[in-house]
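See below for the structure under consideration.
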Amino acid sequence: MVKKTANQAKGPLLPANRRAAGELMEFFYPVHYEIGIALEDVVRADQLSRPQAASLWLIRSQGEDGCRMRRKDIEANLRRWFEITSAAVSRALRAMMRPPLQLIQIREDPRSGREKLVSLTPKGKAFLDAVATKATQVLASLIEDAPPEVIDAAILYFRHLTGAFNQWRTRTRFRLIQPAQEKPGESRKGSKRSADG
């Protein structure tokens, strides 16, 4: 029996959901490019580049205890988001290590000598706390006139959307790393022997 995937088991997308998805897509530009970048500019505080600000927020939101993360994971995300080179990532991180910023430190990961660990310094933690407070104030001013029930619904929506996206990304990554299946009549290399042996 052929097993159905999670999406197949749910059946086709309902027309109402398809309409809602279309309406939500119209918010992609204002939310991502207008509101998102405005909040990012607050986090940059006229001191950081966009990749630098993104790397700090990545550590805060996805890192261990919100203060440390493997360097290769930071680089992988920055290269995917900003289409920059490994050398550009290194320059961005080194600049945040040195005066006048001194927001991070990079050391060997004690769990693996081949890995580097990027950690926030006390100054880096204080900087992130300060800009997070300012960004929260900006966002609070934007939703000041919104009814509480609308805000609560928005929080639930983004929690669901984030969880659903993470599940989709995990499934997609799993499919990409699956070994190619053999075609009928083919055998693996080295297993086929001649009749004479």
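The values are calculated or read from the model by the stated rules, or taken from the named source; none is laboratory data. Fair warning: this is a prediction, and the values are worked out from it, not measured in the lab. Cβ coordinates were reconstructed from backbone atoms using ideal geometry, including for glycine residues, and neighbour counts include every protein chain displayed.
Here are the numbers:
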| read-out | value |
| --- | --- |
| Residue list for segment 129-146, filter: of a type outside the set (Asp, Glu), assigned to a helix (DSSP H, G or I) and farther than 13 Å from Asp41 by Cα | Ala130, Thr133, Gln137, Ala140, Ser141, Leu142 |
| Filter result (within 14 Å of the chain's Cα centre (by Cα) and surrounded by fewer than 13 Cβ atoms within 10 Å (Cβ to Cβ)) within segment 56-71 | Ser61, Gln62 |
| Extreme residue, modelled with the lowest pLDDT, among residues of segment 8-27 that are of a type in the set (A, V, I, L, M, F, W, C) and either exposed (fewer than 10 other Cβ atoms within 10 Å of the Cβ) or part of a loop (DSSP other than H, G, I, E, B) (or both) | Ala9 |
| Scope segment 44-55; condition crowded, with 18+ Cβ neighbours inside 10 Å and in contact with a Lys or Arg (Cβ under 8 Å, 6 or more places away or on another chain); matching residues | Gln52, Ala53 |
| Segment 82-128, residues that are under 24 Å from Ile37 (Cβ atoms), in a loop (DSSP other than H, G, I, E, B) and not polar (S, T, N, Q) | Glu83, Ile84, Leu101, Leu103 |
| Every residue from segment 72-103 that is of a type in the set (A, V, I, L, M, F, W, C), in contact with a strand residue (DSSP E or B) (Cβ under 9 Å, 6 or more places away or on another chain) and surrounded by fewer than 17 Cβ atoms within 10 Å (Cβ to Cβ) | Met97 |
| Where Gly197 falls short, out of the listed (1) modelled with pLDDT under 95; (2) surrounded by 10 or more Cβ atoms within 10 Å (Cβ to Cβ); (3) not polar (S, T, N, Q) | (2) |
| Residue within segment 51-68 that is more than 22 Å from Arg159 (Cα to Cα), without any contact (Cβ under 8 Å) to a residue 12 or more places away in the chain and of a type in the set (Asp, Glu) present | no |
| Cross-chain or 6+ apart pairs with Cβ under 7 Å, segment 89-104 first and without any contact (Cβ under 8 Å) to a residue 24 or more places away in the chain, then surrounded by fewer than 21 Cβ atoms within 10 Å (Cβ to Cβ) and part of a loop (DSSP other than H, G, I, E, B) | Gln102/Thr121 |
